[in-house]
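Every read-out reported here was derived from the displayed coordinates using simple, explicitly stated rules and does not represent laboratory data. All figures in this text were calculated on a predicted structure; none of them were measured in a lab. Every residue, glycine among them, receives a Cβ derived from its backbone with ideal geometry; neighbour counts consider all protein chains shown.
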Amino acid sequence: MDKYSDYKIDNSTPEEKKKHVKEMFDSIAPTYDFLNRFLSFGIDRLWRRRLIRLCGDLQGMPVLDLCCGTGDLTHEFLKSGAGVVSLDFSLGMLKEGVKRGWLGDMNLSADAARIPVKDGSFPIETIAFGIRNIPDIDVFLRDAHRVLSVGGRLFILELTRPEKPVVKLFYNIYLKWVLPFMGGVFSGRREAYAYLSRTIETFLEPNELMNRVRESGFSGVERIKLTFGVASIYVCSKDR
Ligand SMILES: C[S@@+](CC[C@H](N)C(=O)[O-])C[C@H]1O[C@@H](n2cnc3c(N)ncnc32)[C@H](O)[C@@H]1O
């Protein structure tokens with residue numbers, strides 16, 4: 001376990017941690033998608049599709065997919081007819097996505113907390129399994145709010161900790177032992193998968209995240225629990 005494994009908010013000096021996260025994703029990029037599917041039993045795909053359905057009619061809709069990785073979610077949006085700009089700071093992940101044909105033509109290599117796009121440009125923004133890697137979370141939320149057009153929504157899809165004791169027990173065993181072990185076997189980077197499970201364990205409680213969303217200027221936020229609360233979609237709206 002390294003010093004970056006626990007999630008800690010750092011709105012003023014996040015650079016060192018971000019460099020570490022970027023290098024980590026570069027290193028696991030070739031095996032990321034296979035392991036994602038395998039380790040989530042394919043459920044991650046159903047969660048992304050649920051998010052897509054929440055967006056309504058997407059034909060011709062401009063969408064900004066933040067922390068897009070290899071483009072799993074971007075790909076679903078493109079199939080629904082949306083015009084997607086995809087952003088990630090890991091060139092390794094972006095290159096894998098291009099190779100797979102999951103990303104479209106508009107890809108940005110940039111920090112999600114400093115989006116190089118003008119104010120009010122997108123009615124839909126998404127971040128899937130990305131926010132718990134961002135230490136300067138308040139800077140990120142304010143920038144995501146800035147880029148959203150009035151009437152628009154930011155969808156945050158993230159892994160959460162289940163509350164029911166039985167589910168919690170199995171989930172903890174899975175997070176502590178199964179995920180780092182299997183991730184290590186297939187990617188050769190056990191520490192990267194230990195990092196992933198540790199960030200799930202230590203990320204903000206849903207209520208704290210929702211408070212920060214409101215404090216960043218969003219008019220409202222609603223949480224939709226998925227699969228016994230193992231994941232959640234936060235729908236953040238900008239009404240004015
Ligand atoms: C767990 S992956 C999720 C990828 C994809 N959204 C998905 O659904 O599979 C997290 C991604 O966030 C990216 N990321 C983390 N912090 C970032 C930041 N500050 N700015 C841009 N990308 C970031 C990583 O490079 C990685 O590709």
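One equal scatterer on each Cα of segment 6-91, no solvent, Debye formula: the resulting log10 I(q)/I(0) at q = 0.12 Å⁻¹ is -0.47. Computed per residue of the chain from DSSP H runs no shorter than four, each worth -39500 (n - 2.57), the mean residue ellipticity at 222 nm is -14000 deg cm²/dmol. Within a straight-line Cα-Cα reach of under 18 Å, Lys99 can be paired with the following lysines, leaving aside sequence neighbours fewer than 8 residues apart in one chain: Lys79.
Over all projection directions, the Cα-based convex hull of segment 154-217 averages an area of 5.3 nm². With both labels modelled 7 Å from their Cα along Cα-to-Cβ, the Lys8 to Lys164 distance reads 3.6 nm. Listed by Cβ neighbour count within 10 Å, with the fewest neighbours leading, Phe38, Phe77, Phe25 appear as Phe38, Phe25, Phe77.
From Cα pairs below 8 angstrom and at least 6 apart in sequence, can you work out the relative contact order of the chain, rounded to a whole percent?
On the way: 442 pairs, mean separation 51.6, N = 240.
Dividing the mean separation by the residue count of the chain yields 21 percent.
Computed over segment 87-240, the alpha-carbon pair-distance distribution with 10 angstrom bins reads 10, 34, 35, 19, 2, each value a whole percent. When the chain is treated as a GNM with alpha-carbon contacts under 10 Å, the residue of Ile156, Ile173, Ile28 showing the greatest mean-square fluctuation is Ile173.
Taking other C-beta atoms within 10 angstrom as a stand-in for reagent exposure, Val84, Val185, Val167 fall in the order Val185, Val167, Val84, fewest first.
Rounded to 0.05, the FRET efficiency of the Val98 and Thr227 pair, given R0 = 30 Å and the Cβ-Cβ distance, is 0.50. For Cys68, the amide hydrogen comes within under 5 Å of the amide hydrogens of Leu87, Asp88, counting only partners 5 or more places away or on other chains and with H modelled in the peptide plane. Ordering Leu73, Leu179 by the number of other Cβ atoms within 10 Å of each residue's own Cβ, fewest first, gives Leu179, Leu73.
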